[in-house]
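Encoded as structure tokens, the structure appears first; notes follow it.
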Amino acid sequence: MRVSEDPAGACATHLAACLRAALVHSERASLAVCGGSTPGPTYRQLAAEDLDWARVDVFFGDERCVPPDHVDSTFRLIEEQLLAGIQGPPPRVLRMHGEDTDYASAAEAYADLLPPQLDLALLGMGPDGHTASLFPGDPALLERTASVLPVLSPKPPPRRLTLTPPVFAAAHERVMLVTGAGKASMVRLALEGPLEPQGIPAQIARDGSWFLDPAAAADLQSHSRT
Ligand code: 6PG
């Protein structure tokens, strides 16, 4: 876990290093991205990293069920914050078709695109402990077979598609980026509280690489500042 004044930059550097390492041993590398208001600066800095983007597959950890040009679309966020900044051949982007109102069909179609193991999954966390579009108490947290499910979200917009816990668990590395004092108590529960991922879905990344600012880390009992 890294606590720094620039968690976005530290996270972008880490993601790029992980992707470069994956490309040493494989022809392609895969990254699942997340939405929300936090990761924009990370995506902008990641876009500037020296990386063979043409060999990277960008997947989505979740997506809102809106058109891809909608202000709430995570695909639009990625277009604007990551893809727009990449010089040279772009990554392959495999977006979730959130605009498809046959939600179950859209989920199944996306599941067919997923690799057996993602190299990296970038995640964020809400103040309630949700991650991706896995919210506390949601039956999707108990899913052990399907890779993608349609869910109803208490965080607007309500209808979303999300990767399920087994997909995140199988990823080679989970990377969690959390900032702000409003999440400090949940960060402590997620990292230092009892293991209860049904109640705190962000614990699916408990063993991952966490990038925090001092405000989000303020309640942690044991952390080293970097
Ligand atoms: C989404 C994300 C979601 C997000 C958290 C944190 O599409 O909304 O996948 O899990 O990471 O809600 O959101 P903020 O970065 O806006 O706090």
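If the Kirkwood radius is taken over C-alpha pairs of segment 118-226, then at 37 °C and 0.692 mPa s the Stokes-Einstein diffusion coefficient equals 234 µm²/s.
Taken per residue, the accessible surface of segment 62-123 reaches 49 Å², heavy atoms only and a 1.4 Å probe.
Site pair Ala109 and His25 shows an inter-label distance of 3.4 nm when each label is modelled 7 Å from Cα along Cα→Cβ.
Rounding to the nearest 20 debye, state how big the charge dipole of segment 143-209 is about its Cα centre with +1 on each Lys and Arg Cβ and -1 on each Asp and Glu Cβ. Mind showing how you got there, number by number?
Working: 8 positive and 5 negative charges, 55 e Å.
Using Cβ point charges on Lys, Arg, Asp and Glu, segment 143-209 gives about 260 debye.
Rounded to 0.05, the FRET efficiency of the Gln221 and Leu195 pair, given R0 = 22 Å and the Cβ-Cβ distance, is 0.85. The local environment of Glu192, defined by Cβ-Cβ distances under 12 Å, has a net charge of +1 under the rule Lys, Arg +1 and Asp, Glu -1.
With Cα atoms as the point set, segment 5-89 shows a radius of gyration and Dmax of 12.8, 37 Å.
Here is how the number arises for the chain: DSSP H runs of 4 or more residues each give -39500 (n - 2.57), the sum is divided by the residue count, and the result at 222 nm is -8000 deg cm²/dmol. Seen through its C-alpha gyration tensor, with square-root eigenvalues sorted a ≥ b ≥ c, segment 35-164 comes out prolate because a/c lies at 1.5 or above while a/b is bigger than b/c. Over segment 33-77, all Cα pairs binned in 10 Å intervals from 0 give whole-percent P(r) values of 25, 50, 24, 1, listed from short to long.
Among rounded, prolate and oblate, which fits segment 104-145 when a ≥ b ≥ c are the square roots of the eigenvalues of its C-alpha gyration tensor, a/c under 1.5 means rounded, and a/b larger than b/c means prolate? Oblate shape, in that a/c is at least 1.5 and b/c is the bigger or equal ratio.
Please list the equivalent ellipsoid semi-axes of segment 101-177, computed as the square roots of five times the alpha-carbon gyration tensor eigenvalues, in descending order and whole angstrom. Don't skip to the end; give the middle numbers.
On the way: eigenvalues 65, 60, 22 Å².
Each semi-axis is the square root of five times an eigenvalue, giving 18, 17, 10 Å.
Computed extension gain for Arg144 through Asp128, at 0.36 nm per residue and net of the alpha carbon distance, reaches 3.5 nm.
Within the accessible area of the chain, what % is carbon and sulfur when the probe is 1.4 Å and the other protein chains stay in place?
On the way: 5110 of 9650 Å².
Of all accessible area on the chain, carbon and sulfur atoms account for 53 percent.
Taking every C-alpha pair closer than 8 Å and separated by at least 6 residues, the mean separation divided by the residue count of the chain gives a relative contact order of 24 percent. Between the listed residues Ala12, Met125, Ala111, the Cα displaced farthest toward the positive end of the dipole of segment 7-157, a dipole computed from Cβ unit charges relative to the Cα centre, is found at Ala12. So which DSSP H runs in the chain come out at 20 Å plus along the axis (Cα) with average Kyte-Doolittle of at least 0.0? Taking the DSSP H segments of the chain (at least 20 Å long, mean hydropathy at least 0.0), we get 7-25. Seen from every direction in turn and averaged, the convex hull around the alpha carbons of the chain projects onto 11.3 nm². Residues within the reach of a label modelled at Ala48 (point 7 angstrom out along Cα to beta-carbon, backbone nitrogen below 15 Å), restricted to segment 81-114, are 81-87. Spin-label pair Asp72-Thr101: with each label point 7 Å from Cα along the Cα-Cβ axis, the two points sit 1.5 nm from one another. Counted by Cβ distance under 14 Å from Pro165, the other residues give a net charge of -2, where Lys and Arg count +1 and Asp and Glu count -1.
The values are calculated or read from the model by the stated rules, or taken from the named source; none is laboratory data. Remember, it's a predicted structure, so these values are computed and weren't measured experimentally. Virtual Cβ from ideal backbone geometry, glycine too; neighbours counted across all protein chains shown. Just the protein is used for accessible areas: all its heavy atoms, side chains included, with ligands, DNA and RNA removed. Shrake-Rupley method; radii C 1.70, N 1.55, O 1.52, S 1.80 Å.
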